[in-house]
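Remarks on the structure that follows.
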Amino acid sequence: MQRMFRWIAIIAIVLGVALPVIPQIIWSLAHRWLFPSLLPTEWSMSSWEYVFSPSSRVVEGFMNSLEIAVFVCILSILVGLPAARAIALNDFKGKGIIEWLLMVPIIVPGIVSTLGIHQLFIRLHLTNTFIGVSLVHLIPCIPYMVLVMVSVFSNYGTELEDTARTLGAGPIRVFLNVTLPGILPGLMVATMFTFLISWGQYITTVLIGGGTIVTLPVVLFPFITGINYSNAAAISLVFVAPAILVLIFTSRQLGQDSAVMGGFGRL
Amino acid sequence: MTHVMLKGLTRRFDDVIAVNNLNLEVESGELIAFLGPSGCGKTTTLRMITGLLLPSEGDVQFDGKSMVAVPTEKRGAVMVFQKHLLFPTMDVARNVGFGLKMAGISKKEIDRRVSEMLELVHLPGFETRRPHELSGGQQQRIALARALIVRPNVLLLDEPLANLDANLRLEMRELIRTIQREMNITSIFVTHDQEEAVMLADRIALMFDGVLQQFDVPKAFYERPNSAEVAHFFRNDNFLAGTRRGDCVETGLGSLAILPDHVTQPDGKVVVTVRPEDIYLAPTSDENLIHVKVLAQVYMGTYKQVQLDVDGNKWLAHGPADLDIREGDTIPIQLPKTHIWLLPPANGK
């Protein structure tokens, strides 16, 4: 029975993830592919040449997306880790409200909050800046970071840290020697989520970045609505590559009945 | 070797008083048990001694020096918890050597002392094992080694035997006792099991609801309990109301002779108690002879437990296993005056 479910799961993953990528690969290499041909009648590398040429701005967008995503990961660890720890291990007044507020960005569409934030960012001169775009990406990222880490921290408890304290370790050494190694698998998964959410942001980037900050989705979007399927397919593949790498990288964590996934029970 | 003093130690959580005005002195090298039902404040007290929790009022002193302002890592009060014993990301050697590493001892010296300490807890050669490869008992011993290696001022153990099966408990108890004696480390352990406390501790501090009830050698809890509650916790529910007048107590079953120098309750209303194992079901003289009805009897293997009706109170008495009595009989029993203890009168009686 379990074997059967395993196979169903594997087939579903293949159908859902791998299969849609195959036509993309073919499209990206096609020069002429007209109905009713099963495969392109003419092949060419021109789309890939275009992708890596400066005029397409794909490489520029890729680097911008990467820099912003990494920066957002750092910010969301700085904000989310202490918040998650406080929620997981302490009881305090207004905890329920804070927990709810942290989850709100999942409920409220990003475009709504971003429109409001736009006004504020103009006044703070944060529009059209790297920092501004990073900050607005942080909004949808925080809930996932907090969600995952709350469950990691509540599973981890405080006994090990307390033990380390009594053995002569100060707060910083407790964190570096005991807490961090203990929560690292969970933290890695949470960071991957954060990375992917920032990586996929389009509307928020366009609104706050105002065309000055060009990320990969911003580059990609006109192609999806355009007519050059080959170029769109090639850029899509560049866009999806990190996601697939992350999926492979974290699948081990996600597969187990680990504390990492426990947080999603709260949604 | 550290002398520990708790002065008026109080801890409140919101409106709840977890520990109330605790005064206690632990001699250096002594092994003390904090005994009481769960939620009585014993673990809270332990945490205040380590500094993981600050007292609301009162003072914790090591060798006469106040520790309240000293952070946990500088107190040298090492705590061994009941659960989550070992650092899961470190092997046994790094676990045991953790305290020394924090103290800045050289790697070579740490390795030497770790293997020495593993020898002491009967787990030599376990350096490269991972915590998840060890049994519960082995983890417990490694945790103990990790605490002892830093030669703590005070060793604090939270229910050290609770998660072990019967055989391991015995072994671990011996180990704790032997090492504690050998290294002469002032130690306090928390338990809810009175037998464990009696067998292991030099002195027991019995706590109910955050209040210290009695702090004394184990024997005293059997022979000289402070109150009916203390007697009850040590499995003695034999109570009979009376009035003390000099060397005798007037009760509903007549006058009972007592040893005036042995008891501490003054003349007036008292509660008479005799432990089940001290009652003579086969009287040897006429002194303090009372006639009581047998309510029930249970054969316990090595002895017989008899339930008696003593002036409307249910008493238990232990007799020889081959004692020949029947339920419903009225039998004479003797309350030896050397074993009669007087408790303060119960409130409202």
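The values are calculated or read from the model by the stated rules, or taken from the named source; none is laboratory data. Only a predicted model underlies this, so the values are computations on that prediction, with no experimental measurement involved. Neighbour counts run over all protein chains shown; Cβ positions are idealised from the backbone, glycine included. For the accessible areas, the whole protein counts, side chains as well, though only heavy atoms, and no ligand, DNA or RNA atoms are used. Shrake-Rupley method; radii C 1.70, N 1.55, O 1.52, S 1.80 Å.
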Inset, instruction - Sort out which residues of the range B:213-225 are in contact (Cβ under 8 Å) with a residue 40 or more places away in the chain, open to solvent by 10 Å² or more (accessible area, probe 1.4 Å) and outside any strand (DSSP E or B), and write them in order of number. - result: B:Tyr222, B:Glu223, B:Arg224
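Here is a yes/no grid of residues against (1) modelled with pLDDT of 75 or more; (2) crowded, with 18+ Cβ neighbours inside 10 Å; (3) at positive phi:
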residue: A:Val218; (1), (2), (3): yes, yes, no
residue: A:Ile224; (1), (2), (3): yes, no, no
residue: A:Ile235; (1), (2), (3): yes, yes, no
residue: A:Phe239; (1), (2), (3): yes, yes, no
residue: A:Phe249; (1), (2), (3): no, no, no
residue: A:Ser258; (1), (2), (3): no, no, no
Legend entry - Residue list for the range B:257-275, restricted to those being hydroxyl-bearing (Ser, Thr, Tyr) and surrounded by 14 or more Cβ atoms within 10 Å (Cβ to Cβ): B:Thr273
Legend entry - The lone exception for B:Thr44 - which of (1) in contact with a strand residue (DSSP E or B) (Cβ under 6 Å, 6 or more places away or on another chain); (2) farther than 30 Å from B:Lys219 by Cα; (3) surrounded by 14 or more Cβ atoms within 10 Å (Cβ to Cβ); (4) of a type in the set (S, T, N, Q) it fails: (2)
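Matching residues to (1) small (Gly, Ala, Ser); (2) touching a helix residue (DSSP H, G or I) at 6+ places or on another chain (Cβ under 8 Å); (3) touching a residue at least 40 places away in the same chain (Cβ under 8 Å); (4) open to solvent by 80 Å² or more (accessible area, probe 1.4 Å):
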| residue | (1), (2), (3), (4) |
| --- | --- |
| B:Thr251 | no, no, yes, no |
| B:Ser255 | yes, no, no, no |
| B:Glu277 | no, no, yes, yes |
| B:Ser285 | yes, no, yes, no |
Inset, instruction - Return the residue satisfying two criteria in turn: it lies in the range A:109-146 and is farther than 21 Å from A:Thr212 by Cα, open to solvent by less than 10 Å² (accessible area, probe 1.4 Å) and touching a Leu at 6+ places or on another chain (Cβ under 7 Å), and of such residues it is nearest to the other protein chains (Cβ to nearest Cβ). - result: A:Val146
Inset, instruction - Please specify each residue of the range B:52-76 satisfying the condition of being out of contact with any Leu (no Cβ under 6 Å at 6 or more places or on another chain) and facing another protein chain (nearest Cβ under 8 Å). - result: B:Leu52, B:Pro71, B:Glu73, B:Lys74, B:Arg75, B:Gly76
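Every residue, every condition in (1) modelled with pLDDT of 90 or more; (2) outside any helix (DSSP H, G or I); (3) of a type outside the set (Asp, Glu), yes or no:
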{"residue": "A:Leu39", "(1), (2), (3)": "no, yes, yes"}
{"residue": "A:Ser47", "(1), (2), (3)": "no, no, yes"}
{"residue": "A:Glu67", "(1), (2), (3)": "yes, no, no"}
{"residue": "A:Val70", "(1), (2), (3)": "yes, no, yes"}
{"residue": "A:Cys73", "(1), (2), (3)": "yes, no, yes"}
{"residue": "A:Ile77", "(1), (2), (3)": "yes, no, yes"}
Inset, instruction - Quick one: A:Leu176 ticks every box in (1) surrounded by fewer than 23 Cβ atoms within 10 Å (Cβ to Cβ); (2) within 8 Å of chain B (Cβ to nearest Cβ) except a single one, so which number is it? - result: (2)
Inset, instruction - Please find, within the range B:87-104, the residue that is nearest to the other protein chains (Cβ to nearest Cβ) out of those that are part of a loop (DSSP other than H, G, I, E, B) and open to solvent by 10 Å² or more (accessible area, probe 1.4 Å). - result: B:Thr89
Legend entry - Pairs, first under 11 Å from B:Ile325 (Cα atoms) in the range B:291-305, second of a type in the set (Val, Ile, Thr) and open to solvent by less than 70 Å² (accessible area, probe 1.4 Å), C-beta under 7 Å, six or more apart: B:Val294/B:Val306; B:Val294/B:Ile325; B:Val294/B:Ile331; B:Gln297/B:Val306; B:Gln297/B:Ile325
Legend entry - Residues (free of Cβ contacts under 8 Å to residues at least 60 places away in the same chain and not in a loop (DSSP other than H, G, I, E, B)) located in the range B:328-344: B:Thr330, B:Ile331, B:Pro332, B:Ile333, B:Gln334
